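Only one structure is covered here, and it is reproduced in the block below.
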């Protein structure tokens with residue numbers, strides 16, 4: 001049975017898209033060290049990304065942009081990114097396993113697995129692809145909008161990011177529906 005693992009990256013940041021990946025691993029080409037992307041160093045994630053893309057039967061990345069996040073909310077935007085990743089696979093899976101406790105609305109059988117990125121190799125692989133893809137987007141955004149530190153904190157609400165947001169204001173890539181961004185925008189309206 002062809003099983004795709006699916007995970008997302010970027011639910012918590014204040015800026016940028018939420019990115020999901022879907023991976024169908026090849027049972028005869030084992031990849032050592034697959035795990036939740038958050039537990040791996042950036043260097044290890046990048047090395048594993050290359051190996052996953054080389055050895056997997058199929059892989060794809062899907063995303064939901066800032067406007068979709070603000071319109072749908074982050075949960076449903078994450079589900080949309082996951083659906084797009086699954087639908088972009090070059091081989092349709094017979095079954096999909098998703099990290100977490102919710103499933104995207106897709107046309108094949110699907111199950112949610114809590115802590116799936118730690119328990120299922122294909123979900124761990126998807127976690128790595130999604131994280132590396134989103135991190136690259138944040139590095140690119142850092143060169144477009146210098147001063148926020150996106151390359152370092154990847155858009156998460158760190159003290160540095162929130163302070164830059166207060167001083168520099170929100171970029172078009174900031175999620176307007178998120179509290180810290182909304183607060184800065186309201187302050188700007190009052191000024």
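Only residues that are within 22 Å of residue 152 (Cα to Cα), part of a loop (DSSP other than H, G, I, E, B) and touching a strand residue (DSSP E or B) at 6+ places or on another chain (Cβ under 9 Å) were counted in segment 1-24, giving 5. What about residue 88, is it touching a residue at least 12 places away in the same chain (Cβ under 8 Å), within 21 Å of residue 154 (Cβ to Cβ) and in contact with a strand residue (DSSP E or B) (Cβ under 9 Å, 6 or more places away or on another chain)? In short, no.
Within segment 101-119, residues that are in contact (Cβ under 8 Å) with a residue 24 or more places away in the chain reach partners that are assigned to a loop (DSSP other than H, G, I, E, B) and surrounded by 12 or more Cβ atoms within 10 Å (Cβ to Cβ) with beta carbons closer than 6 Å, at six or more positions or on different chains, in the pairs 117/36; 118/36.
Restricting to segment 35-81, and then to whatever is surrounded by 18 or more Cβ atoms within 10 Å (Cβ to Cβ) and farther than 18 Å from residue 22 by Cβ, can you tell me which residue is modelled with the lowest pLDDT? Filtering first and then ranking leaves 40. Determine which member of the set 54, 67 is in a helix (DSSP H, G or I) and under 16 Å from the mean Cα position of the chain (by Cα). Within the list 54, 67, the selection yields 67. Scanning segment 167-191 for residues that are crowded, with 19+ Cβ neighbours inside 10 Å and either in a helix (DSSP H, G or I) or on the phi > 0 side of the Ramachandran plot (or both) turns up 181, 184.
Within the option set 155, 147, being outside any helix (DSSP H, G or I), under 15 Å from the mean Cα position of the chain (by Cα) and on the phi > 0 side of the Ramachandran plot holds for one residue only, 155.
The values are calculated or read from the model by the stated rules, or taken from the named source; none is laboratory data. Remember, it's a predicted structure, so these values are computed and weren't measured experimentally. So basically every Cβ, Gly included, is an ideal-geometry build from the backbone, and we count neighbours across all protein chains shown.
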